[in-house]
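Here's the structure, in structure tokens; my notes come after.
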Amino acid sequence: MKKKELTASEQELMKAVWEIEEEGGVPTTRTVRKKVDEWRAERITSQSVYVQMGNLQQKGYIEIKKDEKEDRVYTSIVKKEDYVKRQAKYWAGFWNKTVPGYVMMAIGKNISKEERDELRRYLDELD
């Protein structure tokens with residue numbers, strides 16, 4: 001099933017959910033707000049999280065349940081890696097490039113030695 005595209009705000013909330021899960025935490029309204037507030041100059045409200053998480057649930061990206069304290073718990077359904085791959089393919093097609101061509105267009109020619117080394121490691125893993 002093709003997933004609906006995410007708004008910038010929804011992407012930010014999904015990133016928060018994925019990061020909290022990767023860190024071994026539980027994505028709740030409070031932990032998601034805290035994570036997003038670390039990235040933003042302005043604070044996000046609980047109501048905004050509720051509304052956007054409802055949108056993410058309708059789009060099939062998360063599941064929402066309540067824990068024993070009646071806190072909302074958000075669980076990702078879509079893996080971060082799958083979402084990133086889908087986005088890379090979308091933007092490559094948008095710019096009429098292959099995915100590697102899009103990556104090269106995105107990073108440009110002036111990349112640091114560390115970035116070149118990382119790119120080489122990725123390419124070596126493909127062999």
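The numbers here are math on the coordinates, done by the rules we state, and not lab data. Worth saying up front: this structure is predicted, and the values here are computed from it rather than measured. Cβ atoms come from the backbone with ideal geometry, glycine included; neighbour counts cover every protein chain shown.
Figures for the structure shown
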{"item": "Option label - mean projected area of the Cα convex hull in nm² computed here, alternatives [x] 7.4; [y] 10.3; [z] 8.3", "result": "[y]"}
{"item": "Surrounding net charge for residue 101, when Lys and Arg each add one and Asp and Glu each subtract one, Cβ distance under 15 Å", "result": "+3"}
{"item": "Approximate spin-label separation residue 58-residue 85, in nm, with each point projected 7 Å along Cα-to-Cβ", "result": "2.9 nm"}
{"item": "Of 23, 42, 68, the one that fluctuates the most in a GNM where the chain has Cα springs shorter than 10 Å", "result": "68"}
{"item": "Residue among 17, 41, 61 farthest towards the positive dipole end of region 1-63, charges placed on Cβ", "result": "61"}
{"item": "Degrees separating the helix 113-126 axis from the principal Cα axis of the chain, which is the longest one", "result": "90 degrees"}
{"item": "FRET efficiency estimate (nearest 0.05) - Cβ-Cβ, residue 75 to residue 121, R0 41 angstrom", "result": "0.85"}
